[in-house]
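The values are calculated or read from the model by the stated rules, or taken from the named source; none is laboratory data. Source: prediction; values computed, not measured. Note that we place each Cβ from the backbone using ideal geometry, even for glycine, and neighbour counts take in every protein chain shown. Note: areas computed on protein heavy atoms with side chains; ligands, DNA, RNA excluded. Shrake-Rupley method; radii C 1.70, N 1.55, O 1.52, S 1.80 Å.
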Amino acid sequence: MPREIPWFSVLDEEQQVSVPLTGYPIRGYTEGFVELGRLIRLAQGAVHSLRDESSLPAAVDARTWERTGLAFIGPPLNEERFEDAAGDVEELKASLSAQLVRALGLPIPQRSVALLDIGPAGAAEAIKLAAQRITQRELDRVLLVAADSCLDTITLEWLLDRGWLKSPQNPVGLVPGEAAACVMLESRSAAQRRGAPIVAAVHAAVTDREEAHVLAGKSSAGAGLARAIHQAALHGSAPARFEGDVILDLDGVPWRAAEWGYAQVRCADVLGPYVRLVLPCGSLGHVGAASGVLGLLIAARSLERRYASRARSLVLSSSGWGHVGAVLVGAGR
């Protein structure tokens, strides 16, 4: 639920007073945790939720977990967002990976852990990596976990400096939030062997780059996003034009809306007359790196419960660093 963020205020120029920022904190769960500790706390919640649905093997099932990988998708580990990143970033990644495995309480071999700190498009990159390792029979399944929080003071100041925060003086900014999402990705045969429910099927996962991205001081023309859409939407036996739900991480900032607008023009031959936009930010705020896996789960549930508008959904991700992704999702049956 949207709430006032008491630890961060913005100026209301009309009233000439400081007012608390509005955001979407996970009240009662993340208080007291900061920076990387907050990400681990969020990841724990997502994995425990999946465990409680009985979709995970038991922790004592060492043989199954020996064939299971973990891909963690998070925000870029740089000094702009994390004080700990001022030192050796590779050492920081290794430490975060080890802490994650311990915190999750799952017997996943450390050699099977991948940390993707490229933001929302990390979901598509993680799916590609998982598909490769499963196809090559290195693993049977990969647990995708994404977590991000835009509610710590350092991140809020960073967003404010760039004019991206929604405030009384900036109606076209984002509302910061935090979230974690988790899904088990595995081959159909492996899922059937352990009697796991098959909620949805991933038909394609594509990543690309916007070379003219906003954090390089340029204006994105949606070229990278359009290429990703073309490759994902026209994958395999898909129809010549995509129709259905497009789950998109539009968050209110102008550059993101412009990028999507340009991409639509470039994809006029691919996107059919019926495309329904689904915008999770309207309910959760901007959740950063968690948005890609979150979109994947929204697509999967809507297909499983049959309230998706068509048989396939497209999950699109983008970030200010130029990473973009597109994932085509269909029903699991």
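Brief remarks on what is shown
- Filtered by the rule that a residue be in contact with a Phe, Trp or Tyr (Cβ under 9 Å, 6 or more places away or on another chain) and part of a helix (DSSP H, G or I), the range 122-154 gives Gly122, Ala126, Thr153, Ile154.
- Among residues of the range 86-128 being of a type in the set (Lys, Arg) and over 20 Å from the mean Cα position of the chain (by Cα), the one that is surrounded by the most Cβ atoms within 10 Å (Cβ to Cβ) is Arg102.
- All conditions in (1) open to solvent by 40 Å² or more (accessible area, probe 1.4 Å); (2) closer than 26 Å to Gly122 by Cβ; (3) among the aromatic types (Phe, Trp, Tyr); (4) not in a loop (DSSP other than H, G, I, E, B) hold for Trp7, with the sole exception of (2).
- Residue check, Ala289 closer than 25 Å to Gly163 by Cα, assigned to a loop (DSSP other than H, G, I, E, B) and of a type outside the set (D, E, K, R): no
- Looking only at the range 320-333, residues that are at pLDDT 90 or above, open to solvent by less than 10 Å² (accessible area, probe 1.4 Å) and outside any strand (DSSP E or B) come to 2 in all.
- Taking (1) at pLDDT below 95; (2) surrounded by fewer than 17 Cβ atoms within 10 Å (Cβ to Cβ); (3) of a type outside the set (Ser, Thr, Tyr) in turn, Leu279 satisfies each apart from (1).
- For the range 302-319, the condition of being in a helix (DSSP H, G or I) and either open to solvent by 50 Å² or more (accessible area, probe 1.4 Å) or within 28 Å of Arg3 (Cβ to Cβ) (or both) holds for at least one residue.
- The residues of the range 149-204 that are hydroxyl-bearing (Ser, Thr, Tyr), open to solvent by 30 Å² or more (accessible area, probe 1.4 Å) and more than 30 Å from Ala308 (Cα to Cα) amount to a single one, Thr153.
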